[in-house]
Amino acid sequence: MTSQYRVNYHLRAHKRDTLIEFIKGMLLTPFVLHAQPQPLSESEQQAKHVHLNLHQHYTEEAQEANTQRYAEIFSNIEDLISEHREFQHQGIGGYSRLARLVPSIGTFFTHLPLQQAFRRVDQRDRISRRKHVPPSFNDVRRILNIAQVMAIAPDLQLVTFDGDMTLYADGQNFEQDNELTHLLISLLRRRICVAIVTAAGYGSDAPRYEHRLSGLLRGFAQERLTPEEVGRFYVLGGECNFLFRCNPAYRLDYVEDSQYPSSLRSWTDPQVQQLLDVAERELADCVRRMSLNAEILRKPRAVGLVPQAQQQLTREQLDECALSSQFALLKFQGSPKAQPGDVPIPFCAFNGGNDCWVDIGNKLIGVRILQNMLGAGPQSTLHVGDQFLSTGNDISTRTACCTCWIINPQETQSMLNELELVLSARED
């Protein structure tokens with residue numbers, strides 16, 4: 001029994017988020033005990049002369065009571081997070097009640113109005129009215145996103161985005177008819193900096209990035225954004241390695257390392273190539289062990305495994321490649337129990353959806369470079385991405401800033417619409 005549990009946990013741990021799982025567990029009580037209120041029996045109705053409309057009223061009251069129970073749970077979790085933040089400020093975050101309940105809990109840079117966010121989401125999705133489907137991972141994830149948007153809006157200075165599956169479909173380009181264009185332009189016009197922090201690594205080849213973002217850049221031109229406005233738009237490729245800034249002609253200019261603080265990238269090229277050699281050997285071993293129809297691609301600061309033409313790799317195969325590479329690189333650097341960002345040469349080994357890549361550096365470094373350059377603190381920076389599991393490349397940003405976890409461009413649009421509403425309400 002114990003052995004089987006350990007096996008299952010090891011296989012599934014990289015697919016879970018401990019805070020979301022904790023909140024899901026708390027929400028099971030009102031769902032199990034109160035989601036299906038017992039109606040009055042026929043004899044009780046006759047004895048009390050209860051009419052149909054009164055019976056419906058009774059059911060509605062029971063449903064409202066259960067909604068209140070859900071809201072109270074979110075209020076309690078909100079209090080736990082507030083207490084945890086107080087302990088963090090005192091340097092003893094590990095002693096908070098939340099840290100004891102969720103030992104792997106990270107840093108919260110803002111207060112999270114979870115009860116208010118729950119009521120907003122519940123009004124639309126009626127989570128508390130469901131009788132057969134309990135609150136899910138995605139329900140809780142969306143509520144956390146709304147709460148974060150509400151909290152950060154007043155002080156927002158910088159929003160960073162992943163590319164694939166956040167702003168556009170996997171492997172596709174930002175098309176001109178993308179509905180996100182006007183929402184991103186709105187942020188720039190509100191004096192909020194916008195950056196795309198992507199794993200795509202094309203070196204200093206600006207036209208390659210311009211091609212991927214052609215629709216957005218054309219949108220800037222059509223809206224005639226001023227030089228000051230477009231100057232707030234950045235692209236950081238290769239996780240953290242290649243920085244570009246939009247110029248008044250709506251093109252991307254490569255920013256040399258000497259033009260901004262890049263001390264966070266302190267490694268040398270021989271060190272990079274040595275680490276990539278280890279990653280390449282590990283990926284090649286994965287191809288051999290699992291008989292994958294895939295090939296290895298080597299770039300100056302990355303190495304990847306991509307399927308051959310007309311082939312597709314399963315999520316489990318890609319997770320195996322990412323976790324194998326991660327362990328091999330940690331072991332090589334003498335820290336097999338550390339995290340990829342806590343070793344001499346930080347790296348990112350991640351499942352890209354249909355491929356697997358190992359990049360030198362990570363988005364944590366990328367976000368911090370932008371923060372240092374723009375003077376934006378963690379409490380005024382928001383990163384939006386779809387890869388927040390341990391085999392993803394967005395999870396490292398949680399150490400540097402607030403985050404929103406989306407799963408597709410449609411959710412990004414919904415999140416930005418919520419942000420637009422909050423920002424507009426503050427202006428009125």
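The values are calculated or read from the model by the stated rules, or taken from the named source; none is laboratory data. On a predicted model such as this, the values are computed, not experimentally measured, just so you know. Backbone-built Cβ (ideal geometry, glycine too); neighbour counts: all protein chains shown. The protein model used for the area step is the full one, side chains on, heavy atoms only, and it has no ligands, DNA or RNA in it. Shrake-Rupley method; radii C 1.70, N 1.55, O 1.52, S 1.80 Å.
In percent, what relative contact order does the chain have, based on Cα pairs under 8 Å that are 6 or more apart in sequence? Spell out each step's value before the answer.
Values: 679 pairs, mean separation 70.3, N = 428.
Over the chain, the number comes to 16 percent.
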Going through segment 256-289, which GluC sites (Glu not before Pro) have at most 14 other Cβ atoms within 10 Å and a DSSP loop state?
Glu256
Below 22 Å Cα-Cα, how many Lys pairs turn up in the chain? Only count pairs eight or more apart in sequence, or on different chains, if you could.
7
Taking springs between alpha-carbon atoms closer than 10 angstrom, which of Gln90, Gln371, Gln68 fluctuates most in the Gaussian network model of the chain?
Gln90
From the coordinates shown, Cα extents along the principal axes in Å corresponds to which of (i) 84, 44, 42; (ii) 74, 50, 44; (iii) 85, 60, 52:
(iii)
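Suppose a student asked you for the relative contact order of segment 150-282, using Cα pairs under 8 Å spaced at least 6 residues apart; what percent would you report? Mind showing how you got there, number by number?
Details: 177 pairs, mean separation 29.2, N = 133.
Dividing the mean separation by the residue count of segment 150-282 yields 22 percent.
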Note: segment 312-428, point scatterers on Cα, Debye, no solvent; log10 I/I(0) at q = 0.19 Å⁻¹ equals -1.06
Using amide H atoms built in the peptide plane, which far-off residues or other-chain residues are under 5 Å from Gly201 H to H?
Gly238
Amide H partners (placed H, <5 Å) of Phe161, local residues excluded
Ala195, Ile196, Val197, Val384
For the chain, what is the calculated [θ] at 222 nm in deg cm²/dmol (nearest 500), taking -39500 (n - 2.57) for each run of four or more DSSP H residues and dividing by its residue count?
-15500 deg cm²/dmol
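Return the loop-located chymotrypsin sites (Phe, Trp or Tyr not before Pro) in segment 99-186 (DSSP other than H, G, I, E, B) with at most 10 other Cβ atoms within 10 Å of their own Cβ; answer none if there are none.
Working: sites: Phe108, Phe109, Phe118, Phe137, Phe161, Tyr168, Phe174; in loops: Phe108, Phe109, Phe174.
When the chymotrypsin sites (Phe, Trp or Tyr not before Pro) of segment 99-186 are filtered for loop state and at most 10 Cβ neighbours within 10 Å, nothing remains.
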Starting at the first residue of segment 89-95, write each ³J(HN,Hα) from the Karplus equation 6.51 cos²θ - 1.76 cosθ + 1.60 with θ = phi - 60°, in whole Hz, x for Gly and Pro.
4, 8, x, 10, x, x, 9
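Explain nothing, just the number: dipole magnitude of the chain about its Cα centre with +1 on each Lys and Arg Cβ and -1 on each Asp and Glu Cβ, in debye rounded to the nearest 20. Let's see the in-between values first.
Values: 43 positive and 50 negative charges, 131 e Å.
Magnitude of the dipole: close to 620 debye.
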Selected from Thr198, Thr107, Thr160 as most flexible by GNM, with the chain as the system and alpha-carbon contacts under 10 Å:
Thr107
What is the set of long-range amide H partners of Thr403 at a cut-off below 5 Å, with H atoms built 1.01 Å from backbone N?
His383
Relative to the first principal axis of the alpha-carbon coordinates of the chain, what is the inclination of helix 363-374, with its axis defined by its Cα atoms, in degrees from 0 to 90 and to the nearest 10?
80
What is the distance in Å between the Cα centroid of segment 255-273 and that of segment 371-415?
23
Relative to the first principal axis of the alpha-carbon coordinates of the chain, what is the inclination of helix 409-427, with its axis defined by its Cα atoms, in degrees from 0 to 90 and to the nearest 10?
70
Which of the listed residues, Ala117, Pro134, His182, is farthest toward the dipole's positive end in the chain, when Lys, Arg count +1 and Asp, Glu count -1 at the beta-carbon?
Pro134
Note, segment 68-73: 3J(HN,Hα) by Karplus (6.51, -1.76, 1.60, θ = phi - 60°), whole Hz, Gly/Pro = x, goes 5, 5, 4, 4, 5, 5
Estimated vicinal HN-Hα couplings, Hz - segment 248-261 in sequence order (Karplus 6.51, -1.76, 1.60; Gly, Pro = x)
x, 8, 6, 10, 9, 9, 6, 9, 5, 4, 5, 8, 8, x
Tell me, what is the 1.4 Å probe accessible area of Met373, in Å² to the nearest 10?
60
What is the percent carbon and sulfur in the accessible area of the chain, measuring with a 1.4 Å probe over the protein chains and ignoring ligands?
49
Select from Leu112, Leu213, Leu33 the residue whose mean-square fluctuation is largest in a Gaussian network model of the chain (Cα-Cα springs shorter than 10 Å).
Leu33
From zero outward in steps of 5 Å, how is the percent of C-alpha pairs of segment 142-193 spread across the bins?
4, 17, 20, 25, 21, 11, 2
Candidate residues His211, His89: accessible-area rank, largest first, probe 1.4 Å
His89, His211
Determine the sum of side-chain charges near Arg281: Lys and Arg each +1, Asp and Glu each -1, restricted to other residues whose C-beta is under 13 angstrom from that of Arg281.
0
From highest to lowest solvent-accessible area (probe 1.4 Å; ligands, DNA and RNA excluded), Lys363, Lys24, Lys131 read Lys131, Lys24, Lys363
